[in-house]
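See structure below.
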Amino acid sequence: MRDKPGVWSRQAWFPVVAGAAICALVALAVAVILPSGGESAPPEPARAAASAGAAASAPPVPTPAGTATPLTAPGYSPLKPVIPGSFADPMILKDGDVYYAYGTNNGAAALPVATAPAPTGPWTVSPGDGLARLPSWAVSGWTWAPEVVPPLRKGDPYLLYFSARAREGNVQCVGVATAVSPAGPFTPRDGAPLICPRNLGGAIDPASHIEADGARYLVYKSDARKTAAIYLVRMAPDGLATAGPAKRLLGRDADEPVLVEAPDLVRRGDRYVLFYSAGWYFQPNYQTRYATATSIAGPYTKAGEPLQSTGGYGGKITGPGSADLFGGGDGDQLVFHGIVKRHGGSKVDRAMYVAALGWDGSRPVLRGVPVRYEAERGRNNGCVGTLKRPKASGDGAVGPFDRDGCRYELPVFAPAAGRYEIRTGYANRSGGASLLELSVNGKAAASVPMRPTRGDDWASTTASADLVAGWNTLGLRRLEGRGQVDYLELR
């Protein structure tokens, strides 16, 4: 899902190798693969911190869903690409003990395919091409945003949805292909394209959604820049044809860059969550956003802030987007691309990243994106007061921490179990060193030293601690000195 230049040419500027089957590689990949793994109430301390006694600006009582701890490759980080070369518009599926990734055409293949023993890798890009050939209606070099769907019943084929440039009309259209293996080779269906609204500039970025009763849908983006929007269409039971008219779900809002594209639709609890990208894929302001609805047809309500952005990552990932969610026994993961090399203009290399994703109800929370919790939203427990501080984050802080035996608490959400950095923003105007104890769910975890600060200056310090998936309660207790706390930031 998900690439898309709108009116910009994203033509491959390398020759594309077509037709090379890679089925024989599956046995080799499997031979070296290692075996792989409802919402729950938040921990009791977190529930208490979010209920009576919390600041008036505190968020509502959370209803999170935790995720299992996935098998993690050595050296993995959600801030580092798992496929460092060109592997744009990625999507992942699991077949047996093998994970398969698919991407937009590159210099070697119309359908690049990679395999790994876990979502975090190590990934091996397969030689050859996962697409046996292009359909008769398409020209080479424009095969984008693949979506592979495993069979619903034994004996059914794997489906590949993709976008390609039509020979007539100079527009992208959506096609479909089938294979007996997730490795391919996928053979496209000839005749007319599956979806090609020429009056809307064509269509790109197909993404499959299957309901619990087996009903199939496809979401995609109409490709004309001025009218770019996300559409939903019902599919035939075999997924090889549409079964009704398309419905427009959402378009670009004024606060979003250029256009919307790269949809991915999932259902969590009683909500539908529609991930999408906004902006040009080759610019740093490319970003991932989401919207929610109680019905698959909408209306969809957009979240106020991006889920992913260059600024949200502190510049450590540039232009994150084209996100696709996959889940299972390893918990939910988000696969996406980021810009790693520029060749001038719209020509960029985009690498594949993977990050754990947890759910606070229908709100997605992504590992690797720092989340700041303002201290004044926690539970003071009579230990500290809420202070008005115009130069603090959120214009407020809590303190001073000058009483023994009293613990301040703040609930935070971890998308997956693991070790996190916890940054504490503080001021210490006591004239001497101060020290706080940081606890996690009632157990001491680290110390928070606070050096002296002057005037209206604020400083920060970072500690590490292990968190469980879902809601956790961070506690602060005075050990010596005194100070004020501005925020706690989960990284």
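The values are calculated or read from the model by the stated rules, or taken from the named source; none is laboratory data. Quick caveat: nothing in here was measured; it's all calculated off a predicted structure. Note that each Cβ is placed from the backbone with ideal geometry, even for glycine, and that neighbours are counted across all protein chains shown.
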If you go through region 329-336 one residue at a time, do you hit one that is over 13 Å from the mean Cα position of the chain (by Cα) and surrounded by fewer than 19 Cβ atoms within 10 Å (Cβ to Cβ)? yes
Would you list the strands (runs of 3 or more DSSP E) that sit entirely within region 129-240 and hold 2 or more residues that are modelled with pLDDT of 95 or more and charged (D, E, K, R)? 216-222
Inspect all residues belonging to region 443-459 and state whether any of them is under 34 Å from the mean Cα position of the chain (by Cα), surrounded by fewer than 23 Cβ atoms within 10 Å (Cβ to Cβ) and among the aromatic types (Phe, Trp, Tyr). yes
Name the residues in region 218-260 that are touching a strand residue (DSSP E or B) at 6+ places or on another chain (Cβ under 6 Å) and of a type in the set (Val, Ile, Thr), would you? Val219, Ile230, Val233, Thr242, Val260
Any chance you could count how many residues in region 122-138 are under 16 Å from Pro81 (Cα atoms) and surrounded by fewer than 22 Cβ atoms within 10 Å (Cβ to Cβ)? 3
Exactly one of Ala179, Ala183, Ala164, Ala114 is touching a helix residue (DSSP H, G or I) at 6+ places or on another chain (Cβ under 6 Å), under 24 Å from Phe326 (Cβ atoms) and small (Gly, Ala, Ser), and that residue is Ala183
Spot the failing condition for Asp270; the list is (1) out of contact with any strand residue (DSSP E or B) (no Cβ under 9 Å at 6 or more places or on another chain); (2) farther than 19 Å from Ala215 by Cβ, and only one is missed. (2)
Specify the residue that is nearest to Ile204 (Cα to Cα); the eligible residues are those in region 95-119 that are surrounded by fewer than 24 Cβ atoms within 10 Å (Cβ to Cβ) and not hydrophobic (A, V, I, L, M, F, W, C). Asn106
Take the residues in region 251-274 that are surrounded by fewer than 22 Cβ atoms within 10 Å (Cβ to Cβ) and among the hydrophobic types (A, V, I, L, M, F, W, C), then tell me which one is farthest from the chain's Cα centre (by Cα). Ala254
Which residue is nearest to the chain's Cα centre (by Cα), if the candidates are limited to region 301-318 and must be under 16 Å from Val340 (Cα atoms) and in a loop (DSSP other than H, G, I, E, B)? Ser309
Among the numbered criteria (1) within 20 Å of Asn472 (Cβ to Cβ); (2) assigned by TED's automatic domain parsing to the domain that holds Leu265; (3) not aromatic (Phe, Trp, Tyr), which single criterion is violated by Met352? (1)
Residues located in region 216-271, provided they are farther than 21 Å from Pro306 by Cα and acidic (Asp, Glu): Asp223, Asp238, Asp270
Among the residues of region 327-337, are any part of a loop (DSSP other than H, G, I, E, B), acidic (Asp, Glu) and closer than 29 Å to Lys94 by Cβ? yes
Residues of region 283-300 satisfying the condition of being polar (S, T, N, Q) and either assigned to a loop (DSSP other than H, G, I, E, B) or not assigned by TED's automatic domain parsing to the domain that holds Val266 (or both): Gln283, Asn285, Thr294, Ser295
All but one of (1) surrounded by fewer than 18 Cβ atoms within 10 Å (Cβ to Cβ); (2) in contact with a Lys or Arg (Cβ under 9 Å, 6 or more places away or on another chain); (3) small (Gly, Ala, Ser) hold for Ala278; which doesn't? (1)
Give the number of residues within region 340-362 that are in a strand (DSSP E or B) and either of a type in the set (Gly, Ala, Ser) or under 15 Å from the mean Cα position of the chain (by Cα) (or both). 10
